[in-house]
Amino acid sequence: QAKDRGRNNFQVFSPVMDRQLKERVAIEASLRAALESQTQLDVHYQPLIDIETRRVVTLEALVRWKHPIDGYVSPTRFIPVAEETGLIAGLGDFVIKRVIDDMVQWRKGGSTVLVPVAINISPGQLSRCDLRQRIAELTQVNSISPAMLQIELTEGAMFDQVESRHGSNGGEDGVDAINDLRALGVRVAIDDFGTGYSSLSYLKRWRVDYLKIDRSFIRDLGTDSNDHAIVGAIIAMAQHLKIKVIAEGVEGWSQLEMLRKLGCRYAQGYLFAEPAPASKCRDFLNGRPLGLNGDDTDLLKVV
Ligand code: C2E
Ligand code: MG
Ligand code: MG
Ligand code: MG
């Protein structure tokens, strides 16, 4: 073991690492400033649709950060930094509050909000903060049903929960963030399914409502027979477990047709709609079928 540790510690400090480290430090500092000012941060929403009816079933909330000099920074760059530095607690809280605010504004604007909003939750948010309490509070104060909220957890986050419940700290500690949230009425989706720890035990342990197949399996669905087999198997498994399946990152008609053939009911992707600011979400809220981007052939109606 000591030998392993020794070996892992022996690293070459390369110019690339130097640059990466500097970037991370810079992101941390400016994200901290952004959280204080809050004017650089926003939340956009992307619909998840029922392929058969084209109705929006959920809106996914996606945080946006516009750096005063660098412009938009991708969440794939700053979320990991936020997770490692603990800034995720403040950022996560900002997102939840903003989502609730936006729902209140939609309602005030006369929209009947019929679709739940899905919020991405990082592992640290589940274990460190009392998410259930926070959501219970905010929904009650604003007269929003907790059933109008959904959380998206990656397999890593589910795995962390298994660890924290049954890990070194003496096993069952009575804290089960996921079940607590479900008891409140909040729905749960597993995000980026297929890319995390390939342990399926959490599907036994927790009832989840949705499983989102990661974009990497969807991208080449039309041409890659391995992807086809994997996606088909996930859909079949989910059907047995009575979990709804959403395909992420659907950009083209061929992918959509393939998904239909495989029996996938729900999808999300640029083919349907890109993430949009709250002020542009009116058409997503009313439960009416969505028009499609690009050529509106009648492909969706073909059986
Ligand atoms: P995710 O949860 O898997 O979100 C879906 C991502 O795919 C979003 O990227 C969305 O814009 C993008 N996307 C949607 N349709 C398509 C498509 O057809 N093609 C392609 N190429 N991409 C598509 P985004 O907004 O950059 O977010 C990236 C990731 O950052 C998210 O992946 C999520 O893991 C994380 N994230 C975003 N917002 C939050 C947040 O508020 N809290 C936390 N903890 N994580 C967040
Ligand atoms: Mg997500
Ligand atoms: Mg995802
Ligand atoms: Mg993803």
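The values are calculated or read from the model by the stated rules, or taken from the named source; none is laboratory data. Predicted, not measured: the structure shown is a model, and the values here were computed from it. Reconstructed Cβ throughout: ideal geometry from the backbone, glycine too, with neighbour counts over all protein chains shown. Areas reflect the complete protein model, heavy atoms only, side chains present, ligands, DNA and RNA absent. Shrake-Rupley method; radii C 1.70, N 1.55, O 1.52, S 1.80 Å.
Per 0.36 nm of contour for each residue apart, how much would the distance between A26 and K204 grow if the chain were fully extended, relative to their Cα-Cα spacing?
Values: separation 178, 0.36 × 178 = 64.08 nm, distance 4.15 nm.
Once the chain is fully extended between A26 and K204, it gains 59.9 nm.
With a 1.4 Å probe and all protein chains in place, put E152, E274 in order of accessible area, largest first. Don't jump to the answer; show the numbers that get you there.
Numbers: E152 5, E274 110 Å².
Of E152, E274, the descending order of accessible area is E274, E152.
Might you work out the accessible area of E83 for me, using a 1.4 Å probe with all protein chains in place, and round it to the nearest 10 Å²?
Surface accessible to solvent at E83 totals approximately 70 Å².
Working out 0.36 nm times the residue gap between D18 and N142, then minus their Cα-Cα distance, what length gain in nm do you get to one decimal?
Numbers: separation 124, 0.36 × 124 = 44.64 nm, distance 4.67 nm.
So the chain would gain 40.0 nm between D18 and N142.
Give the accessible area for K261 in Å² (nearest 10); use a 1.4 Å probe, count only protein heavy atoms, and leave out ligands, DNA and RNA.
Here the residue's solvent-accessible area equals roughly 150 Å².
Per residue of the chain, what 222 nm ellipticity follows from adding -39500 (n - 2.57) for every DSSP H run with n ≥ 4, rounded to the nearest 500?
On the way: 13 runs with 140 residues, N = 303.
Counting only the DSSP helices, I get -14000 deg cm²/dmol.
For D101 and E251, what does the FRET efficiency come to when R0 = 30 Å and r is the distance between their Cβ atoms, rounded to the nearest 0.05? List each step's numbers first, then the result.
Numbers: r = 31 Å, r/R0 = 1.03.
The calculated FRET efficiency here is 0.45.
Short version: ³J(HN,Hα) in whole Hz for each residue of the stretch 98-115, in order, from phi by Karplus 6.51 cos²θ - 1.76 cosθ + 1.60 (θ = phi - 60°), x for Gly and Pro, what are they?
Ordered by residue, 3J(HN,Hα) equals 5, 4, 4, 4, 4, 5, 5, 4, 4, 5, 4, x, x, 7, 8, 7, 9, 9 Hz.
Considering Cα pairs under 8 angstrom that are at least six residues apart, work out the relative contact order of the chain and quote it in whole percent.
After rounding, I find 20 percent.
Of the cross-linked pairs K97/K280; K97/K242; K108/K242; K66/K280; K97/K204, which ones have a Cα-Cα span greater than 28 Å in the structure shown? Walk me through the numbers before you get to the answer.
Values: K97/K280 19 Å; K97/K242 31 Å; K108/K242 36 Å; K66/K280 18 Å; K97/K204 32 Å.
From K97/K280; K97/K242; K108/K242; K66/K280; K97/K204, over 28 Å: K97/K242; K108/K242; K97/K204.
Once amide H atoms are placed 1.01 Å from N in the peptide plane, what residues at a sequence separation of 5 or more from V245, or on another chain, have their amide H within under 5 Å of its amide H?
L211, R265, Y266
Work out Dmax and Rg for the stretch 26-84 from the C-alpha atoms and quote the Rg first, both in angstrom.
14.7, 46
Label K66 and S225 with points 7 Å out from Cα along Cα→Cβ: what is the distance between them in nm?
4.9 nm
With an 8 Å Cα cut-off and a minimum separation of 6 or more residues, compute the relative contact order for the stretch 1-126 in percent.
On the way: 120 pairs, mean separation 29.1, N = 126.
Dividing the mean separation by the residue count of the stretch 1-126 yields 23 percent.
Using a 1.4 Å probe and counting only protein heavy atoms, arrange M158, M17 so the residue with the most accessible area comes first. Kindly include the intermediate steps, with their values, before the conclusion.
Working: M158 0, M17 65 Å².
Ranked list, largest accessible area first: M17, M158.
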